[in-house]
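Since the structure comes first, as structure tokens, the remarks are kept for the end.
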Amino acid sequence: MKHATIEDFDTIKNIFKGYRDIFPYLRFDSLKNKVEEGKVIYDSGVVITYNRYKRNQKLGDTQAKKGDIVIQEIVKEENGNSVDVFNRFADFVQSDIWLTVRRDNQKAKRFYEKVNMKVVGEVVWSKGTLMGDVYKYSILTNN
């Protein structure tokens, strides 16, 4: 598993530019900070931004535990192998992995189900106008 370095930043930034419709909120200064903090994986054409919870954390109508991982974004270059990278990421972090996704993002949801993530709750954004699902990859179930 390879963490991104500052030398990777321009490449990662360009990958995200291809996903502006999915991640319109993403600020590149914030992304650069995540790279510098060691919270970005860049491996085999796949980018995963993540964080480890420092306390129990509510995600929509469910709750993650202290020490669990939350994936904030996952994107890939055209030929990136996201299934392989996700599986190696899960082995690397050795924790339950959480994420939220817009309910209408069927492509992403098919991927999450392919890597054995399960819908465990729902989340609402934009003052109740945008529905989403909470997914969890359980380390105990998948090992």
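The values are calculated or read from the model by the stated rules, or taken from the named source; none is laboratory data. Since this is a predicted model, take the numbers as computed values, not measurements. Counting neighbours? That spans all protein chains shown, and the Cβs are built from the backbone with ideal geometry, glycine included. The area values use the complete protein model at the heavy-atom level, side chains included, leaving out ligands, DNA and RNA. Shrake-Rupley method; radii C 1.70, N 1.55, O 1.52, S 1.80 Å.
For this structure, a couple of remarks:
- Subset of segment 124-143 that is aliphatic (A, V, I, L, M) and outside any strand (DSSP E or B) - its residue that is surrounded by the most Cβ atoms within 10 Å (Cβ to Cβ): 139
- In segment 38-66, the residues that are over 15 Å from residue 93 (Cβ atoms) and of a type in the set (Asp, Glu) reach residues that are open to solvent by 30 Å² or more (accessible area, probe 1.4 Å) and modelled with pLDDT of 95 or more with C-beta atoms within less than 9 angstrom, at least six apart or across chains, in these pairs: 61/122.
- Considering segment 76-113, the residues that are in a helix (DSSP H, G or I) and of a type in the set (Gly, Ala, Ser) include one that is nearest to residue 136 (Cα to Cα), namely 90.
- Failed condition for residue 98, given (1) farther than 27 Å from residue 35 by Cα; (2) buried (at least 20 other Cβ atoms within 10 Å of the Cβ): (1)
- Criterion (touching a Phe, Trp or Tyr at 6+ places or on another chain (Cβ under 8 Å) and open to solvent by 80 Å² or more (accessible area, probe 1.4 Å)) met by exactly one of 54, 66: 66
- Meets criteria (assigned to a loop (DSSP other than H, G, I, E, B) and either at pLDDT 95 or above or closer than 26 Å to residue 5 by Cα (or both)) for residue 67: yes
- Evaluation of residue 118 against (1) open to solvent by less than 30 Å² (accessible area, probe 1.4 Å); (2) free of Cβ contacts under 8 Å to residues at least 24 places away in the same chain (one fails), failing number: (1)
Residue-by-condition table, conditions (1) touching an Asp or Glu at 6+ places or on another chain (Cβ under 6 Å); (2) not aromatic (Phe, Trp, Tyr):
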residue	(1), (2)
36	no, yes
42	yes, no
53	yes, no
63	no, yes
73	no, yes
82	no, yes
85	yes, yes
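- For residue 54, the conditions (1) within 29 Å of residue 128 (Cα to Cα); (2) assigned to a helix (DSSP H, G or I) all hold with the exception of (2).
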